Structure formats: structure tokens, C-alpha cells
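Colleague: Sharing a structure, written as C-alpha cells. Questions coming.
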Amino acid sequence: MLIGYTLPNAIQLIIDGVKIHTLREDPKERYKVGMILDHCTGIRTKKFKKHLQNTCTRIDQVYVNPRNKTVQVNGVLLTELEKQIFIANDGFPDQESFWNWFNQPKNLRLIQWTKHKYFNN
């Protein structure tokens with residue numbers, strides 16, 4: 001499955017192991033554990049490029065609420081420290097950048113390609 005990125009440094013952050021997951025709206029639950037993920041830029045343009053490929057290892061449900069600056073993973077509210085780690089693991093340099101990107105409350109899916117877990121679930 002193609003995963004497109006518009007943030008200019010996202011691919012390099014994945015290659016460097018800094019970005020270990022991505023948040024996606026996925027109402028039809030198209031992403032599945034075991035699925036091949038093709039990380040791309042320029043989807044639906046002449047600049048389309050596949051950069052790297054790996055396998056989906058885990059999917060979690062996430063709710064982000066910029067109004068009160070909270071993140072829940074599988075219904076569990078992240079502490080301030082957990083939230084900072086979560087935001088860094090998604091490739092954002094700081095919370096301000098994260099909340100500028102996710103500026104509306106949303107239910108999302110956390111698509112992962114490492115064995116990282118936020119909880120023992």
C-alpha cells in the first residue's frame with residue numbers, strides 16, 4: 001500500500017529511524033498488519049517516487065484533540081512525557097508543529113513499521 005508524505009523531510013526521518021510510525025485517517029481500515037508499506041512522495045504527480053518499503057507491524061487507534069492538547073492511544077490518555085515521545089516518534093520537531101498539523105480533533109490510525117509499543121497492550 002502506498003503511503004504518501006508531503007512533509008519534505010519525512011522520508012529521511014524514516015530512513016534515519018526517527019519517524020517510526022505515521023498517523024492516518026483510515027475510515028475503511030485499509031491498512032492491515034503484515035501489509036507491505038511503500039513510502040512515497042509526489043503521489044498522483046509527475047514527481048512520484050517510491051523511497052523505501054517495509055511491513056506494517058502494528059496498528060493502534062489514536063484520538064488527537066488540539067483543543068486541550070491531548071493524545072489517546074487505544075483509549076489511554078498519554079502523559080505529558082509519553083505525548084512528547086509520541087510526537088517525536090511521528091517525526092515532528094516539537095508539539096507546536098504537531099498541533100499546527102493536527103489542528104482539529106480526529107480519530108486516526110497509528111500505522112507502525114517497528115516493534116515499538118506505547119503500552120503493554
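Colleague: What is the Cα radius of gyration of the chain over 2.2 N^0.38 Å, N being its residue count?
Modeller: 1.03
Colleague: Could you grab the relative contact order for the chain? Cα pairs under 8 Å, six or more apart, rounded to a whole percent. Provide the component values of the computation, followed by the final result.
Modeller: Numbers: 206 pairs, mean separation 38.9, N = 121.
Over the chain, the number comes to 32 percent.
Colleague: Does anyone have the angle between helix 80-89 and the longest principal axis of the chain? Alpha-carbon axes, 0 to 90°, nearest 10?
Modeller: Its long axis makes an angle of about 0 degrees.
Colleague: Starting at the first residue of region 9-17, write each ³J(HN,Hα) from the Karplus equation 6.51 cos²θ - 1.76 cosθ + 1.60 with θ = phi - 60°, in whole Hz, x for Gly and Pro.
Modeller: Working through the residues one at a time gives 9, 4, 4, 5, 5, 5, 4, 6, x Hz.
Colleague: Peptides 65-72, 46-53, 30-37: what's the order by average Cβ count within 10 Å, highest mean first?
Modeller: Highest-to-lowest ranking by the protection proxy: 65-72, 30-37, 46-53.
Values in this text are rule-based calculations from the coordinates and carry no lab data. The structure displayed is predicted, hence computed values, not measured ones. Reconstructed Cβ throughout: ideal geometry from the backbone, glycine too, with neighbour counts over all protein chains shown.
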